[in-house]
Amino acid sequence: MSLLKEPDLGTPARKGEATVDVEIDGLSVAVPEGTSVMRAAALAGIDVPKLCATDSLEAFGSCRLCLVEIDGVKGTPASCTTPVRPGMTVRTQSPRLEKLRRGVMELYISDHPLDCLTCAANGDCELQDMAGVTGLREVRYGVGEGENHLDAPTDSSNPYFDFDASKCIVCSRCVRACDEVQGTFALTIAGRGFDSKVSPGADELFLDSECVSCGACVQACPTATLEEKTVVDLGMPTRSVITTCAYCGVGCSFKAELRGDELVRMVPYKDGGANEGHSCVKGRFAFGYATHPDRKLNPMVRESITDEWREVSWEEAINRVATGMRDIQERHGSGAIGGITSSRCTDEEVYVVQKMVRAAFGNNNVDTCARVCHSPTGYGLKQTFGTSAGTQDFKSVDDADVIIVIGANPTDAHPVFASRMKRRLRQGAKLIVLDPRRIDLVRSPHIEAQHHLKLAPGTNVAMINAFAHVVVTEGLVKDDFVADRCEDFDEWSSFIAQPENSPEALAEVTGVPADDVRAAARMYAAGPNSAIYYGLGVTEHSQGSTMVMGMANLAMATGNIGRDGVGVNPLRGQNNVQGSCDMGSFPHELPGYRHVSDDNVRDIYEKLWGTPILPEPGLRIPNMFDAAIDGTFKALFVQGEDIAQSDPNTQHVNAALSAMELVVVQDLFLNETAKFAHVFLPGTSFLEKDGTFINAERRINRVRPVMKPKTGKHEWEIVCEIAQAMGYPMRYDDTSQIMDEIALTTPTFSGVSFELLDKVGSVQWPCNENAPMGTPIMHKDKFVRGKGRFVPTVYVPTNERSTRKFPLILTTGRILSQYNVGAQTRRTANVTWHPEDILEIHPHDAEVRGIDDGDTVSLASRVGQTTLRARLSDRMPVGVVYTTFHHPVTGANVVTTEHSDWATNCPEYKVTAVQVGLATGRQPADEAAEAPPVPVAGN
Amino acid sequence: MTLPPNARLANEIAIQFAHRPHDEAVAEIAKHMRSFWDPRMRRLLLEYVDAGGEDLDPLAAAAAEQLRQPA
């Protein structure tokens, strides 16, 4: 594909039918009411000259290039700010307009460096284009002869882009992009008249300002003023490949723009269903890890984990895995081996691993890293709604009137969706935040939560029960919806109406005044469209699954399911958490969330795969570790995950891995788990993969190879070759055949193919004969399970309690610039913003411990301790401390415990009793005598 | 005492169903274990029961007894 330049229609689309007929330059066109003349002209195939207009931003009307003539209208109005009227007759070209436009261009060019041939934006500059379009041949005022800005300095402080003020035409597109698209309001136009200039914050450098480096301003800039450093260094890209980001569960579509095989930049794709042209600092800029020198490109083996690695051929590595696995099965039984799939790998890569386990290994010992993040979502939504997925598409938030954010921090962890949510909040939607910590959403430019309920960590279920109690006892139930669509309501409502579930009774537990809870619950029930968005602050608790069911109960009771603007929406952590779960990665489920005990489902696979499937569940990840220590589990294939870092109770994990005879790691880097491995199989980055990711809204997006695998093989090919070497025939000619098999065997995917995705861009499952173009909103007419099921959710306090020895509660989260355990982002310039994990502690808690801002402190729980730097912050309530988990060296989660969700074993990362004190010397976790390195909150 | 993992997990499941009538709770707990536990986990739990089942929640113990029967 050559370089893809998407059409720019000048101003945003307006909703509605195309009912307004206008004539432009003799061409008729019908457009929705409110559409600008500029956009109508573009839709008719007529490009009106423009500089300050772009269709991602509302019209501004400053550049005066887009002037037109309209019959019956005096003067020459700007086409960008003039809405169409029925019967309007417009001319976009006339001698008068040409003269006016040339005059405007002369003024622009008189204060612009004419270094086009050496300019980084040469060939991608709208000012250059407009000079051509308007027929500019001379500049009567000279160039740089009068007062000008040609000596304005360049701000190179941002690691990813430069701001060359000498090339700025003050069109305000960057300022408006920061406001309207990103919602950060970091930029402004400082000064007046000729002194007007773009200013990050109060005349600060970009790096020092509130800029979050999302790239929206760079994207919007029509000149070389804001330009990616990679373009400055390498030159303009020459071809594009549309693919999907490898970071969070938003699943943004990008144009990977290259020169030859060299990736120059990632540009958000306007037609991307999830992001619609927006991006964040990770997806837009932090792709350098894919070519980082730490990457391993050759397979390696060793006899013992104390030996040095030895590079070998693919054949030798694959045979080592196959013979090792079979040998262990002969000596210890077929259930002595298993595999773990990755949420960072494609659906196709995950599918073949679970197939290898079930068909070649002959057991169900397959699990996925979702075990430690969203497995309670799978359980809770399956029990209540009938399927393990969020109910809405991201666009749905545009119709929400009340938004509840529970245990999520979207501006840091899901920033592109957060921008969409913030836009809706600025339009007037109400916001309720349930979080111990004052996340940025609580109060940010032009946004303020109506309610921030700072509940005590570990009391989610008590809080959601209190909400539901208000709904039931104050007559706020949507009776018709419940009667028509749900079951088991009477039992649930009797339970929830009991006095012990009232906000008053639970105020002491949650720490939130009853009146505040009642007011928030009434607001949610009143809607009319109320939506719940949640994250790992819901799932990573001992009652994570119970809380998911509690939210589902609340949504059903108030009728907030089955249409735009409502729903129960998990914000998935990693790019393909949804997909890895969909693909049968859980030990009790085949693809499509169908239990292995179902004879009919097993029959589908047994016939196709030509081998029996066991009807009993296999081991989950924590159970694998227990079994390894018991001596019944001896070998593990680990795809793209770092369980030695990411799973809790690391001493236990390390002991389990050490007890195994064969550990196989497939990854980009020699991670912590590889320290226990006998075979290392180098993996491919997202730039090399061919397949699909599925995001948090069930959107199946294509991941297209930007370059050939640097390792020489796709990961799915390696897995197939291992299966073959074990005697099980598993072959595909290309990746599309794997998706074809998924579609053939999984009813919710039966309409999916690469051909369809290439044709329509993306679809959201279920995609089948009932929904050939996918299903943006689920449970519209009926729930997947038929009737929505109410489940009583008794609050059971966690066993993890603060004590005299450990009086504080630690909870964890993420920061914008880093991702998960940091394996990717720590290998990029994103470390500029977050070079280390910080412990946030309330000033009162700090004062009694003699801790000042910036001090190095010890953080200890009953299972381990580490040290890190403290920051005094009243974002946390007294008694609660907070940190991120991105840096192994600080080992922020070394202290988390073995407690887990009762239904799924998802670790309780969000509640750990700790003590904090001044450190006598810095002692990173991986050097601590008793503390194992780096456990981590999930995905 | 420190409970073995499967006994601890069984107790954590049991307490979630403690509000239900006894027989219903026991059936639900057993059903959950059949649905989500590998057979060797169930076997280890039964061995623990056979060894006295110290500190095992009575509901969990009753559910374990149901596991001895075919589903």
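Odds and ends about this structure:
- Computed over the alpha-carbon atoms, segment A:464-537 gives an Rg to Rh ratio of 0.98, Rh here being the Kirkwood radius from the mean inverse distance.
- Beta bridges per DSSP, both residues in segment A:359-451: antiparallel share near 25 percent.
- Three-way shape label, chain B, alpha-carbon gyration tensor, a/c 1.5: oblate
- For segment A:41-64, backbone nitrogen atoms closer than 18 Å to the point 7 Å from A:Ser94 Cα along Cα-to-C-beta are found at A:41, A:47-49, A:64.
- Directionally averaged projected area (segment A:206-312, Cα convex hull): 10.3 nm².
- The alpha carbon centroids of segment A:800-847 and segment A:649-672 are separated by 25 Å.
- In terms of overall dimensions, segment A:383-457 has a Cα radius of gyration and Dmax of 12.8, 39 angstrom.
- Taking A:Ile838, A:Ile643 and counting other C-beta atoms within 10 Å, the order from fewest to most: A:Ile838, A:Ile643
- Annotation: amide H-H contacts under 5 Å for A:Arg620 (H modelled 1.01 Å from N, sequence separation of 5 or more, or interchain): B:Asp38.
- Taken about its Cα centre, chain A carries a charge dipole of about 840 debye when Lys and Arg each add +1 at the Cβ and Asp and Glu each add -1 at the Cβ.
- Computed from the Cβ-Cβ distance with R0 of 56 Å, the FRET efficiency linking B:Arg68 to A:Leu27 stands at 0.10.
- Helix A:375-384 and the longest principal axis of the Cα set of chain A meet at an angle near 90°.
- Summing Cβ point charges (Lys, Arg +1; Asp, Glu -1) relative to the Cα centre of chain B gives a dipole of roughly 280 debye.
- Length-normalised contact order for segment A:610-700 - Cα pairs under 8 Å, 6+ apart - percent: 22
- Counting 0.36 nm for each residue step from A:His446 to A:Ala202 and taking away their Cα separation leaves a gain of 86.0 nm.
- Taking amide H positions as modeled 1.01 Å from N, with prolines and chain starts lacking one, the residues under 5 Å from A:Phe185 and 5 or more places away or on another chain are A:Asp179.
- Computing FRET efficiency as 1/(1 + (r/R0)^6) for A:Arg785 and A:Asp195, where r is the C-beta to C-beta distance and R0 is 45 Å, gives about 0.10.
- Using 0.36 nm per residue and subtracting the Cα-Cα separation, the extra length available between A:Lys805 and A:Glu330 on full extension is 166.1 nm.
- Nearest-ten-degree value, helix A:715-725 long axis tilted from longest Cα axis of chain A: 30
- Relative contact order (percent, whole number), chain A, Cα cutoff 8 Å, 6+ residue spacing: 13
- Spin-label model, A:Val133/A:Asn298: points 7 Å from Cα along the beta carbon direction are separated by 5.4 nm.
- Global geometry of segment A:324-461, whether rounded, prolate or oblate, following the gyration tensor of its Cα atoms and the 1.5 cut on a/c: prolate
- Residues whose placed amide H lies under 5 Å from that of A:Ile809, excluding near-sequence neighbours: A:Val880, A:Val881, A:Val914
- Percent of beta bridges antiparallel (DSSP, the protein assembly as shown, rounded to nearest 5): 60
- Here each label is just a point 7 Å from Cα along the line to Cβ, and for A:Asp515 and A:Gln498 those points are 2.9 nm apart.
- Spherically averaged projected area in nm², based on the convex hull that wraps the Cα atoms of segment A:575-647: 5.9
- For segment A:788-878: rounded, prolate or oblate by the Cα gyration tensor [a/c cutoff 1.5]: oblate
- Between the beta carbons of A:Thr920 and A:Glu836, assuming R0 = 22 Å, the FRET efficiency works out to 0.70 to the nearest 0.05.
- Rg/Rh ratio calculated on Cα atoms of chain A (Kirkwood radius): 0.98
- Residue separation of A:Ala483 and A:Ile305 scaled by 0.36 nm, minus their Cα-Cα distance, works out to 58.0 nm of gained length.
- Applying both filters, DSSP loop and at most 16 other Cβ atoms within 10 Å, to the trypsin sites (Lys or Arg not before Pro) of segment A:149-220 gives A:Arg192.
- Relative contact order, whole percent, for segment A:152-240 stands at 33, derived from Cα pairs under 8 Å and 6 or more residues apart.
- Relative to the longest principal axis of the Cα atoms of chain A, helix A:314-332 runs at roughly 30 degrees.
Throughout, read-outs are computed from the coordinates displayed, never taken from laboratory work. Please read all numbers here as calculations on a predicted model, not as lab measurements. Note that each Cβ is placed from the backbone with ideal geometry, even for glycine, and that neighbours are counted across all protein chains shown.
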